[in-house]
1. Among the residues of region 5-21, is there at least one that is out of contact with any strand residue (DSSP E or B) (no Cβ under 7 Å at 6 or more places or on another chain), among the aromatic types (Phe, Trp, Tyr) and open to solvent by less than 70 Å² (accessible area, probe 1.4 Å)?
2. Can you tell me which of 58, 71 is farther than 22 Å from residue 24 by Cα and acidic (Asp, Glu)?
Amino acid sequence: MYNGVYDVEQFAYIKEPLMKWLSLKIAGKSLSDILKEKNINEIAIYGIHEIGKLVYQDLNCSEIKINCFIDKRAGEYPNGYKDLPVISLSELGQS
């Protein structure tokens, strides 16, 4: 029986990055700005669900190249997402 524990654990995991991202936005900076400052020009987005899709939207019109999504449910996206491949951790040689 589902009791919402997964949602609580997921929120705890993403709360800090979301707070940092929102603080950047309020300060007038973007995720793209931070990546550029760190000389990161290409990325893979880990997780394709809500947060991953928001990261995609935020970076899609920037100079940052998004190479792919990485997701444990990659099989749900056999044709990719937004013209990008969706790969599993096992395809990266990870488990």
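The values are calculated or read from the model by the stated rules, or taken from the named source; none is laboratory data. Keep in mind the model is a prediction, meaning the values are calculated, not measured. Methodologically, a virtual Cβ is constructed for each residue, glycine included, from the backbone with ideal geometry; neighbour enumeration extends over all protein chains shown. Just so you know, the surface numbers come from the protein's heavy atoms only, side chains and all, with ligands and any DNA or RNA stripped out. Shrake-Rupley method; radii C 1.70, N 1.55, O 1.52, S 1.80 Å.
1. Among the residues of region 5-21, at least one is out of contact with any strand residue (DSSP E or B) (no Cβ under 7 Å at 6 or more places or on another chain), among the aromatic types (Phe, Trp, Tyr) and open to solvent by less than 70 Å² (accessible area, probe 1.4 Å), which makes the answer yes.
2. 71
The rows are residues; the columns are (1) aliphatic (A, V, I, L, M); (2) in a loop (DSSP other than H, G, I, E, B); (3) open to solvent by 50 Å² or more (accessible area, probe 1.4 Å).
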residue: 34; (1), (2), (3): yes, no, no
residue: 40; (1), (2), (3): yes, yes, yes
residue: 43; (1), (2), (3): yes, no, no
residue: 48; (1), (2), (3): yes, yes, no
residue: 58; (1), (2), (3): no, no, no
residue: 72; (1), (2), (3): no, yes, yes
